[in-house]
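Data first, discussion second: the structure below is written as structure tokens.
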Amino acid sequence: MTTRSTPEWKQQTLGEALAATAAAHAAGEALVIGGRRLTYAELRDNVREVACGLRALGINRGDHVAVCMGNSPEWAIFFYAAASIGAVTVPVNTRFKADEMAYCLKQADVKLLFIADRFLKIDFIAMLRGICPGIDRKLPDPALPLLHTVVVLGGDVPAGTLPFAGLLAKGAAFDERIPPEVHAADPLLMQFTSGTTSYPKGVMLSHDNMLRNACYIAARFHLRAGDRYYSARPWYHVAGTTLSMLAALTTGACLVSSPHFDAGEALVAMWSEECTHTSGNDTMFLMMLNHPDFKKYPLKLRHGWVSCGPEVSRRVVDEMGMKGLVQAYGLSEASPNVCMSHYDDDLDKRINGWAHILDDVEVRLVDPETGAVQAAGKTGEIQVRGWSVMQGYYKMPEQTAKTIDTEGWLHTGDLGVMDEDGRLKFITRIKDVFRVGGENVAPAEVEDVLHKHPKIKQAQVIGVPDPRLVEVPAAYVILKDGESATPEELMAWGKERLANFRTPRYLKIVDSFEKIGMTGSSKVQKNKLRAQALIDFGLEETKKA
């Protein structure tokens, strides 16, 4: 066991962090993506050009600028450039439909949008045209009166917009006199949460929130200068910005990424780039571990962070060689990480989901019904207080007050348990827990057992209505390639290994969860899965009863 110490931290802005890393590691690779490579010096210089272009287009400190495209060098450069002049980046989820994009741009008071013309067969220009017809003539448009500039990456550039080359040309002619003054406490990012029961909320995170979080977690999973860290987490999520992009920046490591996650491409990238670190969740790792070409690409992974159950975590260690695996738990409102294992902690503890709370962050567990603070070993809602907590939801004071109480505690809506040594283990979202005849069931408990079946590639569990027990477990599973099984066979297998109240009463074998509903971070949307289950298992009438 090595001696652990909190990384030395000095409040700084993202612009200052980039300048420091570029000075220390100028020739080191900063980013490798889509066959393109940037050193830290090249990244710094590109950021300066785009920052001047943004200034030339009238963007100043505190203005909100949005970006909508897959992971790319331009995404990263734009984010750093906006930060360097004090603008707030609003990442737009590339899975958003037209109404969701319109809501995001309007709710966030976006003044400039940087958008790809197309991505993954999605015609963003056509989508934007339906939202904001002024892009074919002149902006602003009455539908989005604050949006005065749209910069397009790609060849489909409507008359009322500007090509990316045009932004660079304006920047080259810009006469920088007095650069804007940016502070570490200034907002850096407006992260829209994944709305499941209502429209998304804009989480306001500061430079210090995100950079400090990145610095602390990088030490936890042993990321250092010269390491090569593969992460295809989408940059419109804080797992992509804070825990991937900024983790690499604060250490001088190289971030290897992909425009979007594809299991085969991820394996090739990690192998060809000799990556030492990676990160992901159950879905992503199962897709890679069960990929038909998995054994073709011997990996050199040593460390990385995961958000996985024990069965998948064990496979990541044993089959991918990631002996330094650590567990992570967090949420956007906490910048996002709350706790992460130390890479040299007890392996069984790490595999089983136990993680240490970040330095200088407070966590308590509270009974959701009584409000009583829970002792070690007792389950409760995870509540967080300290430097990592968001500044609030943009223009939503009532929602902010419901989430952060008067004592500064962030109510996460997640269930966890703490051990005697202060490690925290995430159990599930409170809203995902269902009661079977008076017994609480967390989907992850059932999923982890199903993942041990030799034929099952991936499993997802939800609670569905039952006239006698109120709710019962239902499972959807994807089989491994070349395998066959019946639902009855799989349910019987589960019955032998699970308590009766945890045993799935319904099970359906599917090819993919994409049509049912996936988030951009490759998580299955439980609310959509439950709605589909009511249809698949003929439970609509039961639900109404």
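The values are calculated or read from the model by the stated rules, or taken from the named source; none is laboratory data. Here the structure is a predicted model, which means the values were calculated and not measured. Positions of Cβ are backbone-derived with ideal geometry, glycine not excepted, and every protein chain shown enters the neighbour counts. Note: accessible area is taken over every heavy atom of the protein model, side chains too, but ligands, DNA and RNA are not part of it. Shrake-Rupley method; radii C 1.70, N 1.55, O 1.52, S 1.80 Å.
Table for the structure above
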item: Identity of the residue in the stretch 96-111, surrounded by fewer than 17 Cβ atoms within 10 Å (Cβ to Cβ) and basic (Lys, Arg), that ends up farthest from residue 55 (Cα to Cα); result: 97
item: In the stretch 42-63, residue nearest to residue 108 (Cα to Cα) [restricted to those that are surrounded by 24 or more Cβ atoms within 10 Å (Cβ to Cβ) and of a type outside the set (Gly, Ala, Ser)]; result: 54
item: Filtered residues of the stretch 320-335 (kept if open to solvent by 10 Å² or more (accessible area, probe 1.4 Å), under 14 Å from residue 240 (Cα atoms) and in a loop (DSSP other than H, G, I, E, B)); result: 331
item: Residue match in the stretch 120-128 (condition: open to solvent by less than 10 Å² (accessible area, probe 1.4 Å), modelled with pLDDT under 95, assigned to a helix (DSSP H, G or I) and closer than 29 Å to residue 246 by Cβ); result: no
item: Subset of the stretch 336-361 [without any contact (Cβ under 8 Å) to a residue 12 or more places away in the chain and either part of a strand (DSSP E or B) or buried (at least 22 other Cβ atoms within 10 Å of the Cβ) (or both)]; result: none
item: Selection count where residues are within 24 Å of residue 7 (Cβ to Cβ) and either open to solvent by 50 Å² or more (accessible area, probe 1.4 Å) or in a loop (DSSP other than H, G, I, E, B) (or both), scope the stretch 362-374; result: 1
item: Residue match in the stretch 168-179 (condition: closer than 25 Å to residue 388 by Cα and not in a loop (DSSP other than H, G, I, E, B)); result: no
item: Selection count, the stretch 460-469, where residues are open to solvent by 30 Å² or more (accessible area, probe 1.4 Å) and under 23 Å from residue 525 (Cβ atoms); result: 1
item: Among (1) surrounded by fewer than 23 Cβ atoms within 10 Å (Cβ to Cβ); (2) touching a Pro at 6+ places or on another chain (Cβ under 7 Å); (3) β-branched (Val, Ile, Thr); (4) within 30 Å of residue 525 (Cα to Cα), the one test that residue 157 misses; result: (4)
item: Every residue from the stretch 227-262 that is closer than 15 Å to residue 29 by Cα and either of a type in the set (A, V, I, L, M, F, W, C) or at pLDDT below 95 (or both); result: 245, 246, 247, 248, 249, 253, 254, 255, 256
item: Residues (in contact (Cβ under 8 Å) with a residue 40 or more places away in the chain and either crowded, with 22+ Cβ neighbours inside 10 Å or out of contact with any Asp or Glu (no Cβ under 8 Å at 6 or more places or on another chain) (or both)) located in the stretch 310-319; result: 312, 313
item: The lone exception for residue 472 - which of (1) open to solvent by 40 Å² or more (accessible area, probe 1.4 Å); (2) modelled with pLDDT under 95; (3) out of contact with any Phe, Trp or Tyr (no Cβ under 6 Å at 6 or more places or on another chain) it fails; result: (1)
item: Test set (1) at pLDDT 90 or above; (2) in contact with a strand residue (DSSP E or B) (Cβ under 8 Å, 6 or more places away or on another chain); (3) closer than 30 Å to residue 192 by Cβ - residue 535 fails condition number; result: (2)
item: Where residue 212 falls short, out of the listed (1) open to solvent by 10 Å² or more (accessible area, probe 1.4 Å); (2) part of a helix (DSSP H, G or I); (3) more than 22 Å from residue 332 (Cα to Cα); result: (3)
item: The stretch 223-251, residues that are touching a Gly at 6+ places or on another chain (Cβ under 6 Å) and farther than 25 Å from residue 90 by Cβ; result: 225
item: Inter-residue pairs, beta-carbon under 7 Å, first part of a helix (DSSP H, G or I) and in the stretch 384-403, second among the basic types (Lys, Arg), 6+ apart; result: 399/201
item: Members of the stretch 378-405 found to be open to solvent by 70 Å² or more (accessible area, probe 1.4 Å) and farther than 21 Å from residue 205 by Cβ, listed by number; result: 378
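For every residue, the table says whether it meets (1) farther than 22 Å from residue 537 by Cα; (2) open to solvent by 30 Å² or more (accessible area, probe 1.4 Å); (3) assigned to a strand (DSSP E or B); (4) at pLDDT 95 or above.
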site: 376; (1), (2), (3), (4): yes, yes, no, yes
site: 407; (1), (2), (3), (4): yes, yes, no, yes
site: 412; (1), (2), (3), (4): yes, no, yes, yes
site: 425; (1), (2), (3), (4): yes, yes, yes, yes
site: 446; (1), (2), (3), (4): no, no, no, no
site: 458; (1), (2), (3), (4): no, no, yes, no
